[in-house]
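The values are calculated or read from the model by the stated rules, or taken from the named source; none is laboratory data. Here the structure is a predicted model, which is why all the values come from computation and not from measurement. Ideal geometry is used to build each Cβ from the backbone, glycine not excepted, and the neighbour counts take in all protein chains shown. The accessibility values were calculated without ligands, DNA or RNA, using every heavy atom of the protein model including side chains. Shrake-Rupley method; radii C 1.70, N 1.55, O 1.52, S 1.80 Å.
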Amino acid sequence: MPKKSTKSYWLRTFIQVAFLLLVTLISINHFRFTQGLPPILVGSASLHAICPFGGVVTTYNYITQGIFIRQISQSSFTLMWLVLLLALFVGPVFCGWICPIGTVQEYFGKLGKKIFGKRYNNLVPPKADYWLRYLRYIVLIVIVILTAMELRLIFQDFCPFFTLFSFWSAEVALSGLILLGAIFIATLFVERPWCKYLCPLGALLGVFNFFRIIPLKRNEQTCIDCKLCDKVCPMNIKISDKRIIRNHQCISCLLCTDEIACPVKDALNFSFLKTKK
Amino acid sequence: MKIRHIHIFIAIAIIMGGGIYVSSQLGLFHTTRAASNNTMRAGGQIQATSSPQSMGTARQMQTNLNESATLNMSTEDQENLNGSTHDVADIRGSFSLTEIERLYQVPPAAIIESFSLKENTDPRTFRLRDLKVLYEDYEIDGEIYEVETDTIKVFVSLYTNKPYTSDETFYLPEKAVNYLLRENRLTPEEESYWKTHTFDLDIYARDSHTIQAMAEQSSAASFTGNTTIAGLISMGMDEATFEEITGFEVPEDRNITIRNFIFAHGLGFDDVSEEIEEFFR
């Protein structure tokens, strides 16, 4: 992938891998904690305590009753606000740079690229793909409502994050394992299928793309219309026909920008300023 | 200004890293649920858990009174609630009188007098759950009631004018009501209700032999955080009860201590341990 700035490309990879290792270590430490063993290097918080989506599902009960639902702690609520603040400035950076499920899909998907070549990530019929991308908003609404009513983490039995990082635990539900397996299989055909179609946190963060302070801008004057940006976008966003790209699926990975894929300097990047005409 | 990878890296470091650091310093980044009682910031009222249809007249009246008390709160009281106040519903049987004083500003002497405790009761060691040992159940209008933690919750609610709706406590000891009246803690509506819903607690006091026997029996069946789940089951707790209390199935590895199990599942230690103690009692 790195065409121009290798350093920049590896910076994102470094952060992705760092967070993946951090979460893995925390989950191992948490398991060690239940066995009465001391943690290694970092803490032994539960997975629920380090997932910002826990904050999302408990917000209603916190506002109306002043309580966090069972299994959700303060840290989850605080993380939610930090991730939302980050999204307000630079969009869903959490999805493209931090989320370990996104990272796992991205790197497992490279296997699919080898199998299908240029057809990879273009196998779902466009019309179905278009409508399926709104499914995650339904998932978000249903989970938030049911959690508020039930006062428990109903999503835990399906959550791929929880399942992946505690698959050895008796707490993991069969439904979670099946869904995680389906995601891995789908990743061989589609890049980031969980993020695109089902992730409720991605849905919430995706909305920030419409009013993020720093949007993606294309300079129509300098753009040579090579469509490389369209080809590299993991979320299949059509970038090359817009001046300001405010697509709800953007994950701020920066792969399309002139720092990585775009061959023309200043033709495509995230910026505060209006593109010169 | 163009946003580069390095800027995103800095944004993540500042917002996520800095945010976690600052929130930790402010006490807003607990990764476990607090073992002590929660702090209520929303000012919401705890709702009665039983349906109104199942309530007797006295119950309904008391619920209405509590609701009325909330609605009639002064602006200052409501501001206090909206600021940061401890939720009466979070009072646990494991709380000592000293903890009640610290968290709810109810002096130990108020509870000692209102609940006929000995004058030399040590507020640091006396736990609210001890009330169950000191007093027998009492019967009014064919219904059996207990003097227990919930009774204290109602007392604290009335003393502090903090909202709490009980579906268990509809009568208070006469001395408790007299104390609240003397301290001018009741609204006219509350006064008219509680004056007619009292009982003489002293006649239900257990004799010292019974208290000692119950205390020994209780300690024999007591458990600690280091008790394993296998230990709990061998003490007589069935799996269904364990699941009901914790909300989780009994794990395959039953040699996990109950403390570790509770923390592993993000539960409050006090919440669960109190229910387990209640079961063995």
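I'd like to verify a number: residues in the stretch B:226-254 that are under 18 Å from residue A:31 (Cα atoms) and either within 9 Å of chain A (Cβ to nearest Cβ) or touching an Asp or Glu at 6+ places or on another chain (Cβ under 6 Å) (or both), how many? Don't jump to the end; show me each part of the working.
Residues of the stretch B:226-254 that are under 18 Å from residue A:31 (Cα atoms), as a first pass: B:226, B:228-229, B:248-254.
Adding the requirement that they be either within 9 Å of chain A (Cβ to nearest Cβ) or touching an Asp or Glu at 6+ places or on another chain (Cβ under 6 Å) (or both) leaves B:248-253.
Of the residues in that region, 6 qualify.
Given the residues A:195, A:256, A:223, A:229, which is the only one that is in contact (Cβ under 8 Å) with a residue 24 or more places away in the chain and within 14 Å of chain B (Cβ to nearest Cβ)? Spell out the reasoning first.
Values: A:195 fails: within 14 Å of chain B (Cβ to nearest Cβ); A:223 fails: within 14 Å of chain B (Cβ to nearest Cβ); A:229 fails: within 14 Å of chain B (Cβ to nearest Cβ).
Answer to the check: A:256.
Are any residues in the stretch A:114-134 farther than 16 Å from residue A:194 by Cβ and either touching a Pro at 6+ places or on another chain (Cβ under 8 Å) or without any contact (Cβ under 8 Å) to a residue 24 or more places away in the chain (or both), and if so, which ones?
Result: A:114, A:117, A:118, A:119, A:125, A:126, A:127, A:128, A:130, A:131.
Being β-branched (Val, Ile, Thr), at negative phi and assigned to a loop (DSSP other than H, G, I, E, B): is that true of residue A:172 here? Outline the logic, then answer.
Numbers: β-branched (Val, Ile, Thr): yes; at negative phi: yes; assigned to a loop (DSSP other than H, G, I, E, B): yes.
For residue A:172, the condition - β-branched (Val, Ile, Thr), at negative phi and assigned to a loop (DSSP other than H, G, I, E, B) - is met.
Consider residue A:41 against the criteria (1) buried (at least 17 other Cβ atoms within 10 Å of the Cβ); (2) more than 8 Å from chain B (Cβ to nearest Cβ); (3) modelled with pLDDT under 95; (4) in contact with a helix residue (DSSP H, G or I) (Cβ under 9 Å, 6 or more places away or on another chain): it satisfies all of them except one. Which criterion is unmet?
Failing condition for residue A:41: (1).
Of the conditions (1) under 19 Å from the mean Cα position of the chain (by Cα); (2) more than 16 Å from residue B:154 (Cβ to Cβ); (3) at pLDDT 85 or above, residue B:100 satisfies every one except a single condition; which number is it?
Only one criterion in (1) under 19 Å from the mean Cα position of the chain (by Cα); (2) more than 16 Å from residue B:154 (Cβ to Cβ); (3) at pLDDT 85 or above is unmet by residue B:100, namely (2).
Of A:224, A:213, A:239, which residue is in contact with a helix residue (DSSP H, G or I) (Cβ under 7 Å, 6 or more places away or on another chain), under 30 Å from residue A:267 (Cα atoms) and open to solvent by 30 Å² or more (accessible area, probe 1.4 Å)? First the steps, then the outcome.
On the way: A:224 fails: in contact with a helix residue (DSSP H, G or I) (Cβ under 7 Å, 6 or more places away or on another chain); A:239 fails: open to solvent by 30 Å² or more (accessible area, probe 1.4 Å).
Every option except A:213 fails the conditions.
State which residue is nearest to residue A:186 (Cα to Cα) when the search covers only the stretch A:78-137 and only residues that are touching a Gly at 6+ places or on another chain (Cβ under 7 Å) and not in a helix (DSSP H, G or I).
A:120
For residues that are of a type in the set (Phe, Trp, Tyr) and without any contact (Cβ under 8 Å) to a residue 40 or more places away in the chain, tally how many sit in the stretch A:144-171. Walk me through it before giving the result.
Going through the stretch A:144-171, the residues of a type in the set (Phe, Trp, Tyr) turn out to be A:155, A:158, A:161-162, A:165, A:167-168.
Among the residues that remain, those that are also without any contact (Cβ under 8 Å) to a residue 40 or more places away in the chain are: A:158, A:167.
Total satisfying the criteria: 2.
Which of the following residues is open to solvent by less than 40 Å² (accessible area, probe 1.4 Å) and at pLDDT below 80: B:199, B:223? If you could, list the steps in order and put the result at the bottom.
Numbers: B:199 fails: at pLDDT below 80.
None of the other options fit; the residue is B:223.
With respect to residue B:157, determine if the residue is more than 24 Å from residue B:142 (Cα to Cα) and within 18 Å of the chain's Cα centre (by Cα).
Details: more than 24 Å from residue B:142 (Cα to Cα): yes; within 18 Å of the chain's Cα centre (by Cα): yes.
When the stated conditions are applied, residue B:157 passes them.
Under the condition of being among the aliphatic types (A, V, I, L, M) and outside any loop (DSSP other than H, G, I, E, B), which residue from the stretch A:207-259 is nearest to residue A:86 (Cα to Cα)?
Filtering the stretch A:207-259 for residues that are among the aliphatic types (A, V, I, L, M) and outside any loop (DSSP other than H, G, I, E, B), the one nearest to residue A:86 (Cα to Cα) comes out as A:207.
Name the residues in the stretch A:191-206 that are more than 24 Å from residue A:260 (Cα to Cα) and either part of a loop (DSSP other than H, G, I, E, B) or open to solvent by less than 10 Å² (accessible area, probe 1.4 Å) (or both), would you? Outline the logic, then answer.
Our first condition is that a residue be more than 24 Å from residue A:260 (Cα to Cα); within the stretch A:191-206, this holds for A:194, A:197-201, A:203-204.
Once the filter is applied, which keeps residues that are more than 24 Å from residue A:260 (Cα to Cα) and either part of a loop (DSSP other than H, G, I, E, B) or open to solvent by less than 10 Å² (accessible area, probe 1.4 Å) (or both), the stretch A:191-206 yields A:199, A:200, A:203.
From the residues in the stretch A:63-77 that are in a helix (DSSP H, G or I) and facing chain B (nearest Cβ under 7 Å), which one is most open to solvent (accessible area, probe 1.4 Å)? Give the derivation first.
So the first thing to find is which residues in the stretch A:63-77 are in a helix (DSSP H, G or I), and the list is A:63-65, A:74-77.
Retained after the next criterion (residues that are facing chain B (nearest Cβ under 7 Å)): A:63-65, A:74-75.
Details: A:63: 114, A:64: 60, A:65: 71, A:74: 31, A:75: 0 Å².
Across the stretch A:63-77, the extreme among qualifying residues is A:63.
Does residue A:270 satisfy the condition of being part of a strand (DSSP E or B) and either open to solvent by less than 50 Å² (accessible area, probe 1.4 Å) or in contact with a helix residue (DSSP H, G or I) (Cβ under 9 Å, 6 or more places away or on another chain) (or both)? It would help to see each step written out before you state the result.
Working: part of a strand (DSSP E or B): yes; either open to solvent by less than 50 Å² (accessible area, probe 1.4 Å) or in contact with a helix residue (DSSP H, G or I) (Cβ under 9 Å, 6 or more places away or on another chain) (or both): yes.
Answer is yes for this residue.
If the requirement is being among the acidic types (Asp, Glu) and on the phi > 0 side of the Ramachandran plot, which of these qualifies: A:241, A:230, A:225? If you could, list the steps in order and put the result at the bottom.
Values: A:241 fails: on the phi > 0 side of the Ramachandran plot; A:230 fails: on the phi > 0 side of the Ramachandran plot.
Result: A:225 is the single residue among A:241, A:230, A:225 that is among the acidic types (Asp, Glu) and on the phi > 0 side of the Ramachandran plot.
Just checking, does the stretch A:86-100 include any residue being open to solvent by 30 Å² or more (accessible area, probe 1.4 Å) and aromatic (Phe, Trp, Tyr)?
yes
How many residues, within the stretch A:15-38, are loosely packed, with under 14 Cβ neighbours inside 10 Å and within 9 Å of chain B (Cβ to nearest Cβ)?
2
Count, please, the residues in the stretch A:152-169 that happen to be assigned to a loop (DSSP other than H, G, I, E, B), open to solvent by 30 Å² or more (accessible area, probe 1.4 Å) and closer than 18 Å to residue A:200 by Cα.
Here the count works out to 2.
Given the criteria surrounded by fewer than 21 Cβ atoms within 10 Å (Cβ to Cβ) and more than 13 Å from the chain's Cα centre (by Cα), does residue A:245 qualify?
Numbers: surrounded by fewer than 21 Cβ atoms within 10 Å (Cβ to Cβ): no; more than 13 Å from the chain's Cα centre (by Cα): yes.
Spelling it out, it is not the case that residue A:245 is surrounded by fewer than 21 Cβ atoms within 10 Å (Cβ to Cβ) and more than 13 Å from the chain's Cα centre (by Cα).
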